[in-house]
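Since the structure comes first, as structure tokens, the remarks are kept for the end.
The values are calculated or read from the model by the stated rules, or taken from the named source; none is laboratory data. Note that the structure is predicted; figures quoted are calculated from it, not measured. Backbone-built Cβ (ideal geometry, glycine too); neighbour counts: all protein chains shown. When the accessible area is computed, the model is the full protein with side chains, heavy atoms only, and any ligands, DNA or RNA have been set aside. Shrake-Rupley method; radii C 1.70, N 1.55, O 1.52, S 1.80 Å.
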Amino acid sequence: MKHLPSSTRVVIVGGGVIGLAISSHLARLGETDVLVLEKEHLLGSGSSAASAGGLRQQFAEEANVLFAMEGVRQIRRQKEETGFDPEFKEHGYLLLAGTDLRVAELARNVARQQRLGLPAEMLTPGEIADRYPVLRTDDLTGAAFCGTDGYCDPHAVVMAFADTTRKFGGRIETGVEVTGFSRNGDAVTGIRTSRGTVTAEFTVIAAGPRAGGMADLVDLALPLSPCRRQIFSTHPFGFPGDLPLVIDFDHPLYFRPETGGVILSAAETEETRNFDLTLEKSGLPDLVEKAVHRCPSLESATISGGWAGIRTLTPDGLAILGDAPGRPGLLLAVGMSGHGITHAPAVGLALAERIISGASRTLPLAPFHAGRFTGAAGAPGGVIQG
Ligand SMILES: Cc1cc2nc3c(=O)[nH]c(=O)nc-3n(C[C@H](O)[C@H](O)[C@H](O)COP(=O)(O)OP(=O)(O)OC[C@H]3O[C@@H](n4cnc5c(N)ncnc54)[C@H](O)[C@@H]3O)c2cc1C
């Protein structure tokens, strides 16, 4: 068992896609005095392993669109730059509307996205039927579509970040649990672990669903809700592989092609406090009924398995990124709100720039500041700080 260094410039708690994206960008930009600590023996085995691999840029919030667009830009270059093929299927995301209210909301979002340079568009039910005859459209009012969205292999994204970190001189240790933080007054000066203490100029919490508990240890109460979500897979049954990821908001579900079959989810948001990942099958008949309603050819599919994972949500759907209010030396990369694979490349770049040059130059970090919840200077919001 290797010893941990007694000090490092940057220590990152969590070896999921977010922690590794930050270490990878730091190392690539020349900051190699970085240490990632992961409590499990495998990297990316938390929420990152449960993802559907969806890369969606169609968000309501401008900051989320910008981060997702940067994410897609980097993932397109990933194979060439790292050798790890993310198998990005740029087949789009189709967001279905079943009410006039929903279609109006999607149209407002599309107008905003187009202003940001995203090639999103609105489709009528007739246009949806022409493009995707496998879908039932007679009860739809329209859809939003973006052809540069798609889905990828999230494992390859995690591995590319880990490999880049090591190749450029950063250090990653698995099987090391961070148990607390060192403090000097309000300032956070490093971490305590199952294998000793490490002092650091910057400590980054990137602990996925466990981030709320980590922040509690420095008396920072963040509004993070760990929520369970399940995905089921089918056996191959000749389903077309070039379809978009389809989200049906009004009969909540989503599905996308996967090796001749589909993966599908009821898109549930069920808060959990015990982090239980047991696969719960009682909702499966209802999910299958809704899926067959939307895509009748799914009638011939059979379920092959499934898994549960945890998404860490915030009240406004934006992650919490950047400096922790009132805790100098501590940075947060938490509350990814269900799109951490898509946003990881941008989060990694923005946090690395913040650490190296004092501010993120490429992307705006301000909309993600924790102060919007804690009432810290410069950000709106109520007081939640503990
Ligand atoms: C069912 C499901 C579907 C999803 N689909 C998509 C999708 O289609 N597209 C998309 O973009 N996103 C999706 N997501 C969300 C995405 O998976 C997450 O946002 C992302 O993986 C979060 O990454 P993370 O690094 O923050 O968390 P994690 O991957 O959980 O990594 C955090 C790591 O920190 C470690 N850790 C925690 N505490 C400690 C400690 N004390 N000491 C040391 N290590 C610690 C954990 O072991 C873990 O490995 C989905 C999530 C789920 C559950």
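Out of curiosity, is E299 away from the ligand (no atom under 16 Å from the Cβ) and farther than 18 Å from S51 by Cβ? For E299, the condition - away from the ligand (no atom under 16 Å from the Cβ) and farther than 18 Å from S51 by Cβ - is met. Contact map, the stretch 126-140: residues that are open to solvent by 50 Å² or more (accessible area, probe 1.4 Å) paired with residues that are at pLDDT 95 or above, Cβ distance under 8 Å, separation 6+ or inter-chain. Pairs shown: R131/L123; R136/H293; R136/R294; R136/C295; R136/P296; D138/P125. Residues of the stretch 283-296 that are open to solvent by 10 Å² or more (accessible area, probe 1.4 Å), out of contact with any helix residue (DSSP H, G or I) (no Cβ under 9 Å at 6 or more places or on another chain) and either of a type in the set (A, V, I, L, M) or within 16 Å of the ligand (Cβ to nearest atom) (or both): G283, L284.
Identification of strands (runs of 3 or more DSSP E) wholly contained in the stretch 205-275 with 1 or more residues that are modelled with pLDDT of 95 or more and touching a Pro at 6+ places or on another chain (Cβ under 7 Å) yields 225-234, 253-258, 261-265. When we screen R256, R273 for residues that are under 26 Å from L20 (Cα atoms) and either within 14 Å of the ligand (Cβ to nearest atom) or not hydrophobic (A, V, I, L, M, F, W, C) (or both), the only hit is R273.
V188 falls short on exactly one of the conditions (1) β-branched (V, I, T); (2) more than 14 Å from the ligand (Cβ to nearest atom); (3) farther than 30 Å from G375 by Cβ, and that condition is (3).
Within the stretch 304-323, the set of residues being touching a Leu at 6+ places or on another chain (Cβ under 8 Å) and more than 16 Å from the ligand (Cβ to nearest atom) comprises just one member, D323. Taken over the stretch 338-373, the criterion of being open to solvent by less than 10 Å² (accessible area, probe 1.4 Å) and either assigned to a loop (DSSP other than H, G, I, E, B) or away from the ligand (no atom under 16 Å from the Cβ) (or both) is satisfied by I355, A370, G371.
For the condition open to solvent by 20 Å² or more (accessible area, probe 1.4 Å), among the basic types (K, R) and without any contact (Cβ under 8 Å) to a residue 24 or more places away in the chain, what is the one hit in R229, R192? None of the other options fit; the residue is R192. For the stretch 24-42, the set of residues classified as crowded, with 24+ Cβ neighbours inside 10 Å and either part of a loop (DSSP other than H, G, I, E, B) or within 11 Å of the ligand (Cβ to nearest atom) (or both) consists of V36, L37, E38, listed by residue number.
Matching residues to (1) touching a strand residue (DSSP E or B) at 6+ places or on another chain (Cβ under 8 Å); (2) more than 20 Å from V204 (Cα to Cα):
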site: V36; (1), (2): yes, no
site: L42; (1), (2): yes, no
site: G54; (1), (2): yes, yes
site: Q57; (1), (2): yes, yes
site: M69; (1), (2): no, yes
site: Q74; (1), (2): no, yes
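Scanning the stretch 9-23 for residues that are open to solvent by 10 Å² or more (accessible area, probe 1.4 Å) and either out of contact with any helix residue (DSSP H, G or I) (no Cβ under 7 Å at 6 or more places or on another chain) or without any contact (Cβ under 8 Å) to a residue 60 or more places away in the chain (or both) yields a single hit, R9. If the condition is being over 21 Å from the mean Cα position of the chain (by Cα) and either polar (S, T, N, Q) or open to solvent by 40 Å² or more (accessible area, probe 1.4 Å) (or both), then the stretch 257-273 contributes only T259. Candidates are the residues of the stretch 43-71 that are acidic (D, E) and either open to solvent by less than 10 Å² (accessible area, probe 1.4 Å) or in a helix (DSSP H, G or I) (or both); the one that is nearest to the ligand (Cβ to nearest atom) is E70.
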